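Contents: one structure, followed by commentary.
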Amino acid sequence: MPLSTQSQADEEQYVFMASLDNARNLSNILKAITFKDHAIFSATPNGLKVTVEDSKCLQANAFIQADIFQEFTIREDLVGFQVNLTVLLDCLNIFGGSTVPGVSTALRMCYKGYGYPLTLFLEEGGVVTVCKINTQEPEEPIDFEFCSSNVTNKVILQSESLKEPFSELDMTSEVLQITMSPSQPYFRLSTFGNSGNAHYDYSKDSDMVELFKCTKTQTNRYKMSLLKPSTKALALSCKVSVRTDSRGFLSLQYLVRNDDGQICFVEYYCCPDEEVE
């Protein structure tokens, strides 16, 4: 394809290059974390991590493994830059984001290093478009210090079981309360809105629950406005892991299959709003 005709001399100038036969495999997962304009890109030999944050209370990460790309070349241990995510998505969908079977937009991303733009070569039906997006020096992402050794409760569910409750959540409620417990109600979502209180309960023996590992009863509240962006990831995912640590911090890990059936991950971290005794 025309995207592969760049000269070797051109390629040697880049510290990072990645190619996809189907740009939707990148754009779809980026949409799952798009709630602020700017995103931090971190490329390592293992793949690409894209981070978006909101007011030091919420962080979303999309992980795209190197083997999902048809080409993934990195000439340094770590290549990092910050770009406007909205502009990037507009460029990735410049051909209209076709969903016609057999028609896809091929993508090649290239980056020369600090101070240079992120260059996108997009091709569909023999037409090549080149987009150059300004980059900034990446800010240091917040470390939420969420480690597996501090996880007190963990539930893995099929995403289908959460999609309906999340679509029906009372958005007049300022918080979503999550209760996880070794005993009943096991796993409960609660809202407190204008129309009253609502609870959604999941038994640990439910067919929709793949793993239930709760060591103590925990009830925490999270701002609904912070959790709302995560519903984009939920809509794309087939499984979700819900974890809380001893401080009440929440981790939502989403397993997402792309158009080619390959697996990517999206993770949201959220600070608790207030602890409920």
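The values are calculated or read from the model by the stated rules, or taken from the named source; none is laboratory data. Computed from a predicted structure; not experimentally measured. Because the Cβ atoms are built from the backbone with ideal geometry, glycine has one as well, and the counts that use them run over all protein chains shown. For accessibility, only protein heavy atoms count, side chains too; no ligands or nucleic acids. Shrake-Rupley method; radii C 1.70, N 1.55, O 1.52, S 1.80 Å.
Numbers at a glance
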item: Members of segment 187-205 that are over 21 Å from ASP245 (Cα atoms), in a strand (DSSP E or B) and open to solvent by 10 Å² or more (accessible area, probe 1.4 Å); result: PHE192, GLY193, GLY196, ASN197, ALA198, HIS199, TYR200
item: Cβ-Cβ under 7 Å pairs, at least 6 apart or on other chains, segment 38-57 side over 14 Å from PHE144 (Cβ atoms), far side assigned to a strand (DSSP E or B) and aromatic (Phe, Trp, Tyr); result: PHE41/PHE81; ALA43/PHE16; GLY47/PHE63; LEU48/PHE41; LYS49/PHE63; VAL50/PHE41
item: Yes/no for GLN184 being in contact (Cβ under 8 Å) with a residue 60 or more places away in the chain and either open to solvent by 10 Å² or more (accessible area, probe 1.4 Å) or more than 22 Å from the chain's Cα centre (by Cα) (or both); result: no
item: Criterion violated by THR172 - all others in (1) of a type in the set (Ser, Thr, Tyr); (2) farther than 26 Å from ILE40 by Cα; (3) more than 20 Å from the chain's Cα centre (by Cα); (4) surrounded by 19 or more Cβ atoms within 10 Å (Cβ to Cβ) satisfied; result: (4)
item: Cross-chain or 6+ apart pairs with Cβ under 9 Å, segment 131-153 first and farther than 13 Å from GLY80 by Cα, then open to solvent by 50 Å² or more (accessible area, probe 1.4 Å) and of a type in the set (A, V, I, L, M); result: CYS131/VAL87; CYS131/ILE94; ILE133/VAL87; ASN134/VAL87
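To keep it simple, each residue is scored yes or no on (1) open to solvent by 20 Å² or more (accessible area, probe 1.4 Å); (2) free of Cβ contacts under 8 Å to residues at least 60 places away in the same chain; (3) farther than 17 Å from VAL151 by Cα; (4) aromatic (Phe, Trp, Tyr).
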| residue | (1), (2), (3), (4) |
| --- | --- |
| SER225 | yes, yes, yes, no |
| LEU234 | no, no, yes, no |
| SER237 | no, no, yes, no |
| GLN253 | yes, yes, no, no |
| TYR268 | no, no, no, yes |
